[in-house]
Amino acid sequence: MSAESTPIPGQPGGKGRRRKPRSKGRTGLLVAAWVAAGIVVVGGTGAGYVYFKLNGNIKSVDIDQMLGTERPTKADNGSENILVLGSDTRSGSNRKLGGGTDDGSARSDTAMIIHVYEGHKKATVVSIPRDTLIDRPECTDTDGKEHDAATDVMFNSAYTTGGAACAVKTVETMTDIRMDHYLEVDFSGFEKLVDELGGVTVTTTENIKDTDSHLDLEAGTHELTGAQALGLVRTRHGVGDGSDLGRIQLQQAFIKALVKQVESVGVLTNPKKLYDLADTATKAVTTDSDLGSVNSLVSFASGLKGISPSDMTMVTMPVRYNPANPNRVIVQDAKARQIWTALENDRPVPRSATEGTATGQAKGVVTS
């Protein structure tokens, strides 16, 4: 099966229902972005060479300048919305990692909105399936090239077409919510970050074997290496109904395990580990220009570090399988609107928003 295909639950290779976007690194990458910011809190406290070295690692994109003023209004209560993307580019150091295309192009293989509530004590993470069919707005890429709007295209085509700014504009158009920040993480950076942390411990309730993602785990407790962690957050065929929706469920479970691991590492007492983690983290991320320095990331991450796994609510944008195409999903508009309205008003997502939607049947397969 090609990297672009997604089987119907119970009907491998069949036609009919749509699946959530490929999470090849989605949850994992979201986690990596979140954790990268958190690690920089301690990494950015240095001065001199260390400060300038870390500062020089960070890549940034001026989203505000590219999108202008035609955007949703910023919240004025201290809450924040962060769009986290992971690219499935197969170029550079990512080329050796299995799956994906090998043409040097990039796709937003992972997409999550993190809503940090007023007071920064709780957060909701909304996964957006990459294969969701959407209407993409017109947008301008980093080279100034304008791209026409398109209807009924995959969500991840926004990033492929116009990069970070186009992805942000697409999300803001879908949700009518202002994205205050942007974070992007690549596959190789995620793998190195997990290794620098010393691995991440998870428990699997069943065997997981997926040759596409190079993952082979027996049921039980594992301390995952970076390569294994990347395989876990990318795996689709080895669990649940074989869909991207199942993969998102694995990723959401892994996020909590990764955050827990960061909390237990104790990097403040180990200067070398502290620097190595900060160096890896800052190399792994691309940010919006407001976060494009160590000082900015330190300030941003300081506002997140009090949010523990138990304070994070994980949901997936409500979708249904597309009866016409097994590789795509369609937004359940009414339910999705419940989520966007809740976040816009800084309220918890109502249970009704996620009931009766398509799932990947992989919930509970991974625990921390």
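Some values worked out for this structure:
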{"item": "Residues of the range 89-141 classified as modelled with pLDDT under 85 and among the β-branched types (V, I, T), total", "result": "3"}
{"item": "Flag for K256 being open to solvent by 60 Å² or more (accessible area, probe 1.4 Å), touching a residue at least 40 places away in the same chain (Cβ under 8 Å) and closer than 13 Å to S368 by Cα", "result": "yes"}
{"item": "Any hit, the range 275-286, residues being on the phi < 0 side of the Ramachandran plot, surrounded by fewer than 16 Cβ atoms within 10 Å (Cβ to Cβ) and among the charged types (D, E, K, R)", "result": "no"}
{"item": "Candidate set from the range 210-242 (those that are among the polar types (S, T, N, Q) and open to solvent by less than 20 Å² (accessible area, probe 1.4 Å)); member that is nearest to A358 (Cα to Cα)", "result": "T235"}
{"item": "Filter result (touching a Lys or Arg at 6+ places or on another chain (Cβ under 9 Å) and either assigned to a loop (DSSP other than H, G, I, E, B) or surrounded by 13 or more Cβ atoms within 10 Å (Cβ to Cβ) (or both)) within the range 345-358", "result": "P348, A353, T354, E355, G356, T357, A358"}
{"item": "Residue under evaluation A324, criteria (1) open to solvent by 40 Å² or more (accessible area, probe 1.4 Å); (2) part of a strand (DSSP E or B); (3) not charged (D, E, K, R), criterion not met", "result": "(2)"}
{"item": "Meets criteria (closer than 30 Å to T142 by Cβ and in contact with a helix residue (DSSP H, G or I) (Cβ under 6 Å, 6 or more places away or on another chain)) for L215", "result": "no"}
{"item": "Single residue of V315, V366, V329, V298 found to be over 21 Å from I248 (Cβ atoms), at pLDDT below 95 and buried (at least 16 other Cβ atoms within 10 Å of the Cβ)", "result": "V298"}
{"item": "First in the range 109-121 and among the hydroxyl-bearing types (S, T, Y), second anywhere and surrounded by fewer than 24 Cβ atoms within 10 Å (Cβ to Cβ), Cβ under 6 Å, 6 or more apart", "result": "Y117/S79; Y117/D346"}
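The values are calculated or read from the model by the stated rules, or taken from the named source; none is laboratory data. On a predicted model such as this, the values are computed, not experimentally measured, just so you know. Counting neighbours? That spans all protein chains shown, and the Cβs are built from the backbone with ideal geometry, glycine included. Keep in mind that these areas ignore ligands, DNA and RNA; they rest on the heavy atoms of the full protein, side chains included. Shrake-Rupley method; radii C 1.70, N 1.55, O 1.52, S 1.80 Å.
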